[in-house]
1. Kindly indicate the residue of region 24-50 that is small (Gly, Ala, Ser) and open to solvent by 30 Å² or more (accessible area, probe 1.4 Å) and also farthest from the ligand (Cβ to nearest atom) among those meeting that condition.
2. Consider region 137-166. How many of its residues are under 12 Å from Asn118 (Cβ atoms) and in contact (Cβ under 8 Å) with a residue 24 or more places away in the chain?
3. Asn118 is checked against (1) among the polar types (S, T, N, Q); (2) within 15 Å of the ligand (Cβ to nearest atom); (3) over 22 Å from Asn183 (Cβ atoms); (4) assigned to a helix (DSSP H, G or I) and fails just one. What number does that condition carry?
4. Got a number for residues in region 127-143 being buried (at least 21 other Cβ atoms within 10 Å of the Cβ) and touching a Pro at 6+ places or on another chain (Cβ under 9 Å)?
5. Provide a single number: the residues in region 152-162 that are open to solvent by 40 Å² or more (accessible area, probe 1.4 Å) and within 11 Å of the ligand (Cβ to nearest atom).
6. Counting only residues that are outside any loop (DSSP other than H, G, I, E, B), more than 13 Å from the ligand (Cβ to nearest atom) and surrounded by 13 or more Cβ atoms within 10 Å (Cβ to Cβ), how many does region 54-79 have?
7. Scan region 212-231 and give yes if some residue there is touching a strand residue (DSSP E or B) at 6+ places or on another chain (Cβ under 9 Å) and without any contact (Cβ under 8 Å) to a residue 12 or more places away in the chain, otherwise no.
Amino acid sequence: MVLDTFRLDDRVALITGANRGIGQAIAIALGQAGADVALLGRSDPAETILAIEKLGRRALFVPVDLSTAAPQALAEAVETAAAGLGRLDILVNNAGIIRRASAVTHPTEDWDAVLRVNLDAVFHLCQAAGAVMLLRGKGKIINVASMLSYQGGIWVPSYTAAKHAVVGLTRALANEWAGQGVNVNAIAPGYIVTDNTAALRDDPEREKAIRERIPVGRWGTPDDLAGAAVFLASDAACYVHGTVLAVDGGWLAR
Ligand code: NAP
């Protein structure tokens with residue numbers, strides 16, 4: 001039955017940056033769909049662990065700082081997650097940072113930090129998790145893109161460059177791995193109420209301008225991303241490869 005193909009019973013997911021924001025909502029949704037979840041990040045995700053365990057699923061914290069971890073450390077983190085929970089079926093590259101400064105004043109350290117967390121770590125985690133999945137001939141990778149995978153944004157050149165690249169990487173990996181049973185896709189959230197967008201929402205003019213441009217007429221919430229993530233992680237999406245699923249209240253349609 002088709003609804004059964006959306007279930008993730010006894011699958012194991014690894015997600016980055018799930019102690020708060022969008023990652024937390026996706027991690028809990030994966031648990032609700034039946035998965036056990038490894039939470040890779042630099043901050044204790046105690047609240048997320050509690051929520052997943054309340055669902056009767058297992059949760060495992062894998063402490064890693066994505067801004068400093070070498071590729072080998074990321075490969076070891078993938079191994080730790082797979083060993084700790086017994087297998088690895090799903091990777092969600094969610095963690096991300098944003099630094100706002102005009103192009104001419106954009107500090108080099110901000111450029112480096114954003115590219116390291118939002119792109120380099122995504123690639124190295126895809127490499128390591130992809131290798132495990134290719135061996136089994138099955139797996140799902142979901143990268144979190146952005147509206148700034150399509151548009152230039154204002155004062156966020158490093159973020160925009162990284163998020164455009166995440167889409168290119170998603171397509172490149174999908175081309176390589178689709179024939180070997182591994183689905184690589186992306187979700188592009190619209191404007192979502194999290195710490196990432198606090199600066200925009202704190203500016204009444206920007207907040208209003210953004211809200212009024214969203215066809216649905218409101219900012220998104222982290223839970224708005226849950227259905228798309230579970231879908232792409234599930235067998236229901238078995239023929240979906242290299243796509244970018246916008247969850248944006250209609251922003252891109254405008
Ligand atoms: P958020 O609330 O700021 O959460 C960011 C997450 O990334 C946190 O869990 C954070 O952990 C983690 N993270 C940041 N730097 C890290 C590092 N060096 N090592 C490990 N983890 C790190 O942001 P969000 O809005 O949920 O963003 C989640 C994803 O969605 C990001 O990729 C973001 O670019 C993307 N996105 C967001 C929006 C939006 O409107 N909010 C729109 C489009 C795309 P700490 O708590 O330790 O910092």
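1. Quick first cut of region 24-50, residues small (Gly, Ala, Ser) only: 25, 27, 29, 31, 33-35, 38, 41, 43, 46.
Subset that is open to solvent by 30 Å² or more (accessible area, probe 1.4 Å): 43, 46.
On the way: Ser43: 3, Ala46: 12 Å.
Top of the filtered list is Ala46.
2. Within region 137-166, the first condition is being under 12 Å from Asn118 (Cβ atoms), and the residues that meet it are 143-146, 148-149, 156, 158-166.
The next check asks that each one be in contact (Cβ under 8 Å) with a residue 24 or more places away in the chain; those that pass are 143-146, 149, 156, 158-159, 161-163, 165-166.
Residues in region 137-166 being under 12 Å from Asn118 (Cβ atoms) and in contact (Cβ under 8 Å) with a residue 24 or more places away in the chain: 13 in total.
3. Against the list (1) among the polar types (S, T, N, Q); (2) within 15 Å of the ligand (Cβ to nearest atom); (3) over 22 Å from Asn183 (Cβ atoms); (4) assigned to a helix (DSSP H, G or I), Asn118 comes up short only on (3).
4. Going through region 127-143 one residue at a time, the tally reaches 1.
5. 1
6. First, the residues of region 54-79 that are outside any loop (DSSP other than H, G, I, E, B): 54, 59-63, 71-79.
Right, trim to more than 13 Å from the ligand (Cβ to nearest atom) and you get 54, 59-60, 71-72, 75-76, 78-79.
Okay, now just the ones that are also surrounded by 13 or more Cβ atoms within 10 Å (Cβ to Cβ), so 59-60, 71, 75-76, 78-79.
Number of matching residues: 7.
7. no
Okay, residues lined up against (1) near the ligand (Cβ under 10 Å from one of its atoms); (2) surrounded by 21 or more Cβ atoms within 10 Å (Cβ to Cβ):
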| site | (1), (2) |
| --- | --- |
| Ala145 | yes, yes |
| His164 | no, no |
| Asn175 | no, no |
| Asp195 | yes, no |
| Ala198 | yes, no |
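The values are calculated or read from the model by the stated rules, or taken from the named source; none is laboratory data. Note that this is a predicted model, so its numbers are computed, not measured. Please note: Cβ atoms are built from the backbone with ideal geometry, for glycine as well, and neighbour counts cover all protein chains shown. Ligands, DNA and RNA are stripped out before the accessible areas are found, and what is left, the full protein with its side chains, is counted by its heavy atoms. Shrake-Rupley method; radii C 1.70, N 1.55, O 1.52, S 1.80 Å.
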